[in-house]
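Notes follow once the structure below has been shown.
We did not get these values from a lab; they are worked out from the coordinates using the rules stated. Fair warning: this is a prediction, and the values are worked out from it, not measured in the lab. No Cβ is skipped: glycine too gets one built from the backbone with ideal geometry, and neighbour counts run over all protein chains shown.
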Amino acid sequence: MKKKVLSTLLCVTMAATMFAGCGNNTTTNNSTTTDDAATNDVTTGTEEAAAPSGSGETISLRVWAAEEDQTLTNELIEKFKEANPDQTFDITVGVESEANAKDDILVDPEAAADVFAFANDQIVDLVNANVLQPVQDTETVSSQNVEGAVEAATVNDTLYAYPFSADNGYFLYYDSNVVTDPTNWDAILADCEAAGKKAGMVFASGWYNASFFYGAGFTTQLNADGSTTMDWNGTSVDGINGTDVAQAMLDIATNPAFLPITDGDTANQIATGTLGAIVSGTWDAAAVQEAFGDGYAATVLPTYTCAGQQVPMGSAAGYKMIGVNANSAQVGWAMELALFLTNEESQAARFEQRQIGPSNITAGEAPEVQENIAIAAVVAQNAANGVVQSVGNNYWDPTQSFGEIMAQGNPDGTDLQTLLDNLVEAVAQPVQ
Amino acid sequence: MGACMSENVKTKKENPAAEFFRSIGAFFKEFGEAVAKGDWGVKASLVVMGAGYWKRKQIVKGVLVTLLEIAVILYTVLIGIPYISQLGTLGEVERAMVYNPETMKNEVNDYDNSLLILLFGVISLSFLVVAVLLWFANVRNTYRLQKLAESGKHINTFREDCSAMLNDKFHFTLLALPVLGVVIFNVMPLIVMICIAFTNYDQNHMPPAQLFTWVGLENFKSLFTTSLTMTFGYTFWKILGWTLLWAVFATFTTYFGGIILALMINSKLTKLKKMWRTLFVASISIPQFVTLLLLRNFFANNGLANTFCASVGITDFFKNLGWITTDYIPFLTDPVWAKCTIVVINIWVGVPYLMLIATGVLMNIPEELKESAKIDGANPFQIFRKITMPYMFFITGPYLVTQFTANINNFNVIYLLTQDVYTTTDQKLAASSGKEIDLLVTWLYRLTSEQYNYKMASVIGICVFIVCAVITLFAFNFLIKGDKEETFQ
């Protein structure tokens with residue numbers, strides 16, 4: 001009999017662990033609420049001009065921000081609470097990188113945070129999944145932020161997000177002790193070779209390698225079915241052939257002073273000290289400054305030689321923004337918070353603590369922002385030749401593959417026109 | 001599958017498939033008999049399930065069964081029917097949201113969520129099937145009671161029934177919870193996942209904001225066709241080919257590597273046996289993913305291995321041979337090099353396990369066998385080929401087969417070594433998010449996690465299952481035939 005009891009117990013525990021193991025995948029990061037909702041009822045009567053009046057209930061909100069932004073976000077949230085003293089809040093902050101926000105939100109939009117930060121390349125997917133709540137106070141957002149940022153936050157003429165940074169683009173870092181003329185690739189590569197250094201750029205990424213094509217007047221366009229239309233295999237409005245652009249990329253890639261870098265590996269390559277120049281963004285500013293020392297300099301992207309003429313490189317201008325989850329139970333307060341987190345003071349605080357270039361026009365005009373070498377370069381690049389990249393999900397893998405072929409110097413010797421035709425065909429696939 | 005299995009065991013047992021269908025037939029025959037010949041109690045339990053038990057004074061049992069019946073009917077009417085009725089379309093009302101500035105909240109219409117409809121529809125439908133089967137069984141049970149009563153035999157009280165569950169029928173009690181768990185947590189989700197292969201659930205049809213619906217065999221068609229714009233077919237066959245090749249290489253290199261290593265350590269000429277064994281086992285104690293991520297950095301284009309090869313002159317040597325055209329050795333970035341590197345790294349990661357298993361088996365080979373072979377004049381290689389290997393094969397056969405299927409699904413090694421490092425230069429593969437070094441399972445993973453293409457992932461999942469099932473069945477039937485047992489007795 002004892003044996004049976006034992007085995008029954010075993011079975012029950014087995015089943016119990018099974019239940020426990022499967023049922024517990026919801027993250028519980030809600031802190032305990034301060035239970036003073038009742039006292040708040042009294043104050044609801046007093047009307048305030050701009051701020052929404054407090055209702056009796058406690059407003060629970062979840063915010064996702066990048067790991068480096070946790071302290072700052074918490075401080076800003078405290079200020080938000082102070083600005084709305086009539087309302088009880090229970091706001092918790094979770095960690096989610098801006099680069100991956102989409103991946104985790106789309107898994108289960110209803111379980112995602114109410115307010116989250118993301119990079120602008122994800123906005124189309126988020127809008128398609130109806131995750132983003134359209135901005136109500138469009139007047140404030142579009143008048144206070146730079147034009148490019150507002151454009152990047154707009155899909156089909158609707159403003160969907162609150163921009164907070166305008167520095168998520170790439171430009172040229174160079175060591176002024178090595179490179180004397182940073183205005184064109186030929187000079188940069190020659191200078192680097194003379195100094196025994198290399199000039200690096202990520203080729204195998206549709207975000208970086210599109211810069212050659214955008215600069216020559218080519219475009220990408222996202223269609224309603226999720227496919228991307230591109231004209232890279234034809235002739236651009238500037239009268240430049242796509243094959244000439246590809247040949248120009250090959251010429252750079254096969255130059256011995258050029259170093260193709262894998263996406264995400266830029267920091268490692270900077271640290272090796274072999275580089276005299278690199279195309280990257282503000283996220284590498286500290287590393288580059290350390291590597292280049294007193295030669296540290298940044299400027300707009302150089303021109304490249306295309307069929308005998310100098311063509312400026314364009315760039316996929318990048319912005320970071322805060323979105324509000326349309327599935328949120330407190331969508332109104334979530335929008336208030338998003339607006340607060342992206343207002344002028346918050347953006348100024350963000351620059352002060354994290355050196356993030358503001359998208360807010362007034363905050364961007366502050367002298368300390370203007371003096372930041374990297375941010376000045378990205379702002380100049382965006383203004384000169386920045387394009388808000390409009391592409392679908394099927395754009396990335398084919399362009400990455402194309403860039404890799406270019407970076408390897410087209411080892412199979414495939415006809416460039418064929419390569420471009422294949423690329424255009426692949427990105428034109430509807431999502432299936 | 002059933003038919004294939006049954007042919008081999010036909011000699012020993014009766015065909016299990018036929019037996020299965022016969023028992024189903026018997027079940028319904030008995031039910032028919034119960035309806036035809038049952039007394040009023042049995043007939044009343046067609047409507048009120050407890051009636052038959054009440055007639056035989058089994059009050060508690062009757063009440064419990066009737067309560068269950070009421071619960072099932074209530075569930076079906078209130079929850080089941082609404083979901084089941086929508087299973088055909090998977091919902092028709094798309095979500096619409098309007099922001100109300102006064103309440104500061106979104107006003108949402110009464111929308112359909114396709115995923116929930118599919119999930120609850122399938123669950124409710126299976127509840128219903130089980131309930132109907134229970135109803136059949138219940139009528140049959142009351143008829144059995146009637147026959148017991150007619151032949152004047154003892155009818156169990158509730159207490160006796162309960163104690164029977166702890167004694168004669170203890171296996172039922174014991175298995176009830178685990179079986180329930182398996183059904184709820186494995187079988188049900190599996191059915192839903194399989195259903196998704198026949199829908200258009202992808203990033204353009206994501207619940208709750210959008211609906212998805214049935215598309216029949218469309219997804220299977222697109223997996224097997226290659227057209228100008230669709231390269232799924234091309235990618236599938238290419239990846240399937242490498243998956244199988246990889247499984248063969250990965251399984252047999254580690255298998256023979258492990259045996260040879262174990263033989264070498266076991267050899268009488270080897271000194272410090274325990275030290276060698278410990279050294280190799282030590283590599284197991286490091287988590288696999290740490291090893292793999294470290295090796296990925298070692299073998300990167302600008303990694304340690306390349307720096308070393310360049311300084312020693314191996315890179316130039318390969319260049320002169322014409323094996324590489326780059327200034328570095330593309331260990332993990334060229335299709336052929338990467339495949340070789342991955343197999344070699346897998347040997348390093350997998351051999352210690354096999355060495356341990358082989359050591360155990362080798363120690364169990366009867367020494368007399370080898371001695372008598374030696375007396376008969378067999379050389380060490382002949383002993384290895386004729387005695388050691390057959391013995392090894394016999395003992396480790398099942399392990400070999402499971403290892404093979406595990407390698408088909410060996411996500412870790414491939415994904416951790418190549419993610420963010422390997423970029424395909426095959427434009428057709430890139431168009432379907434595939435890479436030369438992808439296994440079906442890593443391709444599936446990237447389709448779901450990066451492209452949200454759940455329907456294609458589900459289709460590929462089904463294909464992986466079919467491949468694994470076919471190979472396992474063949475392997476078990478041909479590799480490990482049951483009749484070898486006598487050879488080693």
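Quick notes on this one:
- Each Lys and Arg Cβ is given +1 and each Asp and Glu Cβ -1; about its Cα centre, chain B then shows a dipole of about 1520 debye.
- Residues whose amide H falls under 5 Å from that of A:Cys306, counting only those 5 or more places apart or on a different chain, are A:Val311, with hydrogens built in the peptide plane.
- Among B:Ser449, A:Ser328, sorting on how many other beta-carbon atoms sit within 10 Å of each Cβ, with the fewest leading, yields B:Ser449, A:Ser328.
- Per-residue ³J(HN,Hα) for region B:66-74, Karplus 6.51 cos²θ - 1.76 cosθ + 1.60, θ = phi - 60°, Hz, x for Gly and Pro: 5, 4, 4, 4, 4, 4, 4, 5, 4
- Gyration tensor verdict on chain B (Cα atoms; rounded if a/c is under 1.5, prolate if a/b is larger than b/c, oblate otherwise): oblate
- Listed cross-link partners B:Lys57/B:Lys147; B:Lys274/B:Lys374; B:Lys268/B:Lys374 are compared with a 19 Å cut-off, the Cα-Cα value being larger for B:Lys274/B:Lys374.
- Couplings for region A:97-114, taken from phi via the Karplus curve 6.51 cos²θ - 1.76 cosθ + 1.60 with θ = phi - 60°, read 6, 5, 6, 10, 3, 4, 4, 7, 6, 6, 4, 8, x, 6, 9, 6, 5, 6 Hz in order; Gly and Pro are left as x.
- For region B:265-311 and region A:211-250, distance of Cα centres in Å: 47 Å
- Volume per residue of the convex hull around the Cα atoms, evaluated for region B:87-177, comes out as 190 Å³.
- Nonlocal amide H pairs with A:Gly200, under 5 Å, H built at 1.01 Å: A:Leu259, A:Gly276, A:Ala277, A:Ile278, A:Val279
- Each of B:Arg446, A:Arg350 was scored by other Cβ atoms within 10 Å of its Cβ. Arranged with the fewest first, they read B:Arg446, A:Arg350.
- Here the relative contact order of chain B, from alpha carbon pairs under 8 Å that lie six or more residues apart, stands at 15 percent.
- Gaussian network model of chain A, Cα within-10 Å springs - most flexible of A:Ala117, A:Ala152, A:Ala129: A:Ala129
- Selection from B:Asn320, B:Gly303, B:Asn410, by position along the positive dipole direction of region B:293-427 (Cβ): B:Asn410
- A dipole drawn for region B:109-164 from +1 and -1 charges on Cβ atoms has a positive end, and of B:Val139, B:Thr157, B:Gly121 the residue lying farthest that way is B:Thr157.
- A:Glu345, A:Glu425 arranged by Cβ crowding within 10 Å, fewest neighbours leading: A:Glu345, A:Glu425
- The shape of the protein assembly as shown can be summarised by an equivalent ellipsoid whose semi-axes, obtained from the alpha carbon gyration tensor, come to 57, 45, 26 Å from longest to shortest.
- Rounded D (µm²/s) - region B:397-439, Kirkwood Rh over Cα pairs, Stokes-Einstein at 20 °C, 1.002 mPa s: 181 µm²/s
- Charge dipole of region A:136-219 about the Cα centre (unit charges at C-beta), most positive-ward option of A:Phe212, A:Cys192, A:Phe171: A:Cys192
- Dipole magnitude for region B:280-373: computed about the Cα centre from +1 point charges on Lys and Arg Cβ and -1 point charges on Asp and Glu Cβ, it is near 300 debye.
- Region B:97-238 - percent relative contact order, Cα under 8 Å, separation 6 or more: 21 percent
- For B:Val215, the residues whose modelled amide H falls within less than 5 Å of its own, excluding neighbours fewer than 5 places apart on the same chain, are B:Thr199, B:Asn200.
- Under 15 Å, Cβ to Cβ, from A:Thr229 - net charge with Lys/Arg +1 and Asp/Glu -1: -4
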